[in-house]
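**Student:** Below: one structure in structure tokens.
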Amino acid sequence: MAKSETPKGKRPDYTVYFIQDREGCPWTTIGAAWSHNDGEGFNLKLDLLPNVAGRIVLRTIKAEGTEGGQ
């Protein structure tokens, strides 16, 4: 397996969120991200690809219920 591939069964390092460019919009979870072993990049798995203006944000996964910037 190449260094940049996501090992099967490895827990993601980040949750991927989408935030619309409007005040008060919720953070929507759209996928997960894994750090490369060499620290030079990420693999993303997106379950949803928004088609509206906004930002995609990666946040480290913390204890359940405390992640995100809401």
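Quick note: the coordinates plus some simple rules give every number you see, no bench work behind them. Quick caveat: nothing in here was measured; it's all calculated off a predicted structure.
**Student:** Output wanted: per-residue J couplings in Hz (rounded whole) for the range 37-42, from phi through Karplus 6.51 cos²θ - 1.76 cosθ + 1.60, θ = phi - 60°, x for Gly and Pro.
**Tutor:** Once rounded to whole Hz, the list reads 4, 8, x, 9, x, 9.
**Student:** Also, I was wondering about something else. Between Cys25 and Ile56, what length comes free when the chain is fully extended (0.36 nm per residue of separation minus the Cα-Cα distance, one decimal in nm)? Numbers along the way, then the final one.
**Tutor:** On the way: separation 31, 0.36 × 31 = 11.16 nm, distance 1.32 nm.
Here the answer is 9.8 nm.
**Student:** Find the Rg to Rh ratio for the range 14-60, where Rh is the Kirkwood radius over alpha-carbon pairs and Rg uses the same atoms.
**Tutor:** Ratio of gyration radius to Kirkwood radius for the range 14-60: 1.03.
**Student:** Right, another one. Per residue of the range 51-58, what does 6.51 cos²θ - 1.76 cosθ + 1.60 with θ = phi - 60° give for ³J(HN,Hα)? Whole Hz please, x for Gly and Pro, Karplus curve as stated.
**Tutor:** Once θ is set to phi - 60°, the couplings for the range 51-58 become 10, 10, 5, x, 10, 10, 10, 9 Hz.
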